[in-house]
Each structure stands twice: as structure tokens, then as C-alpha cells.
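The values are calculated or read from the model by the stated rules, or taken from the named source; none is laboratory data. None of the values given here were measured: they were computed from a predicted structure. Here Cβ is always computed from backbone atoms with ideal geometry, including for glycine, and neighbour counts include all displayed protein chains.
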Amino acid sequence: MTKTFHNVERSKQQRIIQVAMKHFAEDGYKDASTNKMVKEAGIGKGMLFYYFKTKYDLYIYLVQYGLDVMEQEFFHQVDLSEGDFIERMYKIAKQKMYVFKRHPYLMTFLQTVLLYRHEDKPLPTELVKRYDTLVKEGMQKMYQNIDVSYFKEQMDAEKAMRLIEWSISGYQQTLTEQLKQQVLTDELIDQYWDDFYGYLAVLKQAYYKE
């Protein structure tokens, strides 16, 4: 975090971060407008470039910030003691929703990093390595210490887990886009978990022993 931005009131920091992530996520690095960012964040353009010298510096800061959040609030929270793969995916999904509620555009924003790294002004090598390492370690945690005895006899457990992961990820991605247009109340989230657990029950019937 830049020294000047570090001294800004936290609520203002978060407003700038969330708005900037939103525009980078929706428009990509090249087309993201700092004019739109400052207007939505309610600050002067001069102040934005007082905190961050360039649009690129802002982008790099957001990538670093996003990776910090994902590492601390998501990947480090994965419960490796849960051997039931579907139950682990359920817990991972709940943690992901917690992160989404606090940072609505974070995950979509980080996905744009994959696209931007190939453009004319690439991300610093150390940041690319950190991003790749975090993703790799996160995927390893997802499948670590899984009890494959839950799966039906003669079923390829590894392929089954991939199919389950894709099913849940696809459902979550669709839901996330819908939730961006709504205010996330506790009642709405409870309804989401009821529906979601119903889908998981169907997956258990399809892949697990009775």
C-alpha cells in the first residue's frame, strides 16, 4: 500500500478500491476509465493520482491487494480436515460467498489478470509468479486429503470430483452475476444456501454410495 493511501480513512480506502476493481473487472485494464472511477468514488482525479502516480500503479496495487485478500480470507480458511469432497466444496463455497459479500468485484477482477498479463505492459514477474503459485496451491488444497471411499464402486473418483467442481463453479458463477444486482441481506443469503444445499444433495445421490 502506498504511504499516502495508507493514511486515508479506511471507509474511503475501501470505496476507492471497490470502485476501481469494478471498472477494471467490467472494462478491462485498457478501457477502464479513471474519470468514471473518481466520479463514482466521489473524489477528485488529482487525489487519485496523488495516491497512485499512474493508472498502472493503481492496477498493480489492486492486484496485490486482491491476492492478499484471497490468501488470507479464502485459501487459508479451507478446512483440510473435511474428507467428504462435496461437503468441502460446500464449505469453500460459503467462504467464497463471505469474500464476495465483502469484495463484490474481487474475483472477477482477478480473472482479468490472466488477460492483462499478455498485453503490451505486462505485470511484474514476481506478481505473476505469486498469482500462479496462489492458484496452484489453492487447487491442491481443494483435492488434498479427500476420502474417495464416499464415491460409488468402480467410479473414477478423480473425474467425478472434476465434474462436481465444474457443476458447483458454474452454478456459483451464474448466481454471483445475479447477486451483483441485489443487496446482499442475511435472508437472501440463507435462501441461497438452502437452494445450494439442495443441489449438493442431488450431486451426492449421483456420485456417492447410498
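Do the conditions hold for Lys53, that is, is it closer than 30 Å to Ala206 by Cα, of a type in the set (Lys, Arg) and out of contact with any His (no Cβ under 6 Å at 6 or more places or on another chain)?
No: the conditions fail for Lys53.
Looking at region 49-73 only, could you name the residues that are free of Cβ contacts under 8 Å to residues at least 60 places away in the same chain, in a helix (DSSP H, G or I) and surrounded by 15 or more Cβ atoms within 10 Å (Cβ to Cβ)?
Phe49, Tyr51, Lys55, Leu58, Tyr59, Leu62, Gly66, Val69, Glu73
Consider region 74-106. How many of its residues are within 9 Å of the chain's Cα centre (by Cα), part of a helix (DSSP H, G or I) and modelled with pLDDT of 85 or more?
3
What number of residues within region 169-210 are at pLDDT 85 or above and of a type in the set (Val, Ile, Thr)?
Residues that pass the stated criteria total 1.
Could you tell me whether Met37 is of a type in the set (A, V, I, L, M), more than 30 Å from Gln144 (Cβ to Cβ) and modelled with pLDDT of 90 or more?
yes
Would you tally the residues in region 27-48 being acidic (Asp, Glu) and surrounded by fewer than 14 Cβ atoms within 10 Å (Cβ to Cβ)?
2
Does Met107 satisfy the criteria of being crowded, with 18+ Cβ neighbours inside 10 Å and closer than 30 Å to Asp147 by Cβ?
Yes; evaluated as a whole, the condition is true for this residue.
Output the residues belonging to region 137-160 that are over 25 Å from Gln72 (Cα atoms) and out of contact with any Asp or Glu (no Cβ under 7 Å at 6 or more places or on another chain).
Within region 137-160, Val148, Ser149, Phe151, Lys152, Glu153, Gln154, Met155, Asp156, Ala157, Glu158, Lys159, Ala160 meet the criteria.
Among the residues of region 74-86, how many are in contact (Cβ under 8 Å) with a residue 24 or more places away in the chain and either farther than 22 Å from Tyr197 by Cβ or of a type outside the set (Val, Ile, Thr) (or both)?
Of the residues in that region, 7 qualify.
Among the residues of region 141-159, is there at least one that is surrounded by 11 or more Cβ atoms within 10 Å (Cβ to Cβ), under 17 Å from the mean Cα position of the chain (by Cα) and farther than 19 Å from Gln205 by Cβ?
Within region 141-159, one or more residues are surrounded by 11 or more Cβ atoms within 10 Å (Cβ to Cβ), under 17 Å from the mean Cα position of the chain (by Cα) and farther than 19 Å from Gln205 by Cβ.
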